[in-house]
Structure formats: C-alpha cells, structure tokens
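Here the structure comes first, spelled out in structure tokens, and everything after it is commentary.
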Amino acid sequence: MDTKIARNVLIIVAIAAAVAFLPGGGETAGLVGGLLYIGITVIFVMLGIRFYRENRVAIFALGDRHRALLYGGLGALVVALAGRAGNLLDSSVGTLVFFALLVFAGGALYAVWTHHRSYGY
C-alpha cells in the first residue's frame with residue numbers, strides 16, 4: 001500500500017475515533033459539518049451569481065413567461081432542498097410535496113431549456 005494512502009486512512013481513522021470517544025466530539029463534528037454546509041452553500045450562490053452575470057442577455061431574451069418559469073423552477077428547487085434538511089420528509093404528505101416540487105422544478109426548467117434551444121441562443 002502506498003504511504004500516502006496509508007497516511008490518509010490513518011487520518012480518517014483518527015478523526016473518527018476522536019468523534020466517537022472524546023467528550024463533545026459529536027458536537028464538534030456537527031459544528032464542522034455545519035461550517036462545511038455553509039461554505040458549500042456560499043460557493044453555489046457565487047456560482048449562480050457568476051452564471052447570471054455571464055448569461056444576463058440570454059436570460060432576458062427568454063421573454064417574461066419563460067423567465068418566470070426559470071425563476072419559479074429554481075425557487076421550487078431551493079424550497080424542496082431546504083425542506084429536505086428539515087422535517088419535510090418525515091410525513092407522507094411532506095414527501096408528496098417534496099416530490100411535487102421536484103417535478104414542477106424539473107418540468108419548468110425543461111420547458112425553459114427547450115424554448116431556449118428552439119431559438120438557437
């Protein structure tokens with residue numbers, strides 16, 4: 001086994017042992033996980049801002065109806081993913097709402113994509 005691989009495996013085992021056996025290890029792991037979640041969210045927001053700035057003309061060329069579908073589909077996707085982190089999937093009605101939001105978001109984004117492709121933007 002390569003020494004780099006062995007070192008990385010030992011680091012992971014040491015972190016897992018610290019979380020499992022040290023007092024407050026689970027709370028510290030929750031804090032680190034929360035910080036990573038915030039960092040990933042910030043990265044996605046920054047990528048979204050960059051995508052919007054680079055494609056602003058094409059977005060406004062879609063027209064009001066398809067632009068509203070684009071924003072509505074993205075909003076439904078954000079609400080569905082935010083609800084997944086909470087208690088939305090704990091009940092059957094919540095699960096139904098989650099999948100309905102995903103279907104709406106997918107359909108709206110597909111409609112916008114096909115409209116965009118049909119005009120050759």
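The values are calculated or read from the model by the stated rules, or taken from the named source; none is laboratory data. For clarity, every value in this text was computed on a predicted model and none was experimentally measured. Heads up, the Cβs are rebuilt from the backbone with ideal geometry, glycines too, and the neighbour counts pull from every protein chain shown.
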### Task
Quick one: in segment 81-103, of everything that is modelled with pLDDT of 85 or more and polar (S, T, N, Q), which residue is surrounded by the fewest Cβ atoms within 10 Å (Cβ to Cβ)?
92
### Task
Give the residues of segment 37-65 that are within 30 Å of residue 116 (Cα to Cα), exposed (fewer than 11 other Cβ atoms within 10 Å of the Cβ) and among the aliphatic types (A, V, I, L, M), sorted by residue number.
40, 42, 43, 45, 46, 47, 49, 57
### Message
Can you find a residue that is closer than 29 Å to residue 37 by Cβ and not in a helix (DSSP H, G or I) anywhere in segment 58-73?
### Response
no
### Summary
Just one listed residue, out of 34, 106, 30, is in contact (Cβ under 8 Å) with a residue 24 or more places away in the chain, part of a helix (DSSP H, G or I) and either surrounded by 13 or more Cβ atoms within 10 Å (Cβ to Cβ) or not hydroxyl-bearing (Ser, Thr, Tyr) (or both), and it is 106
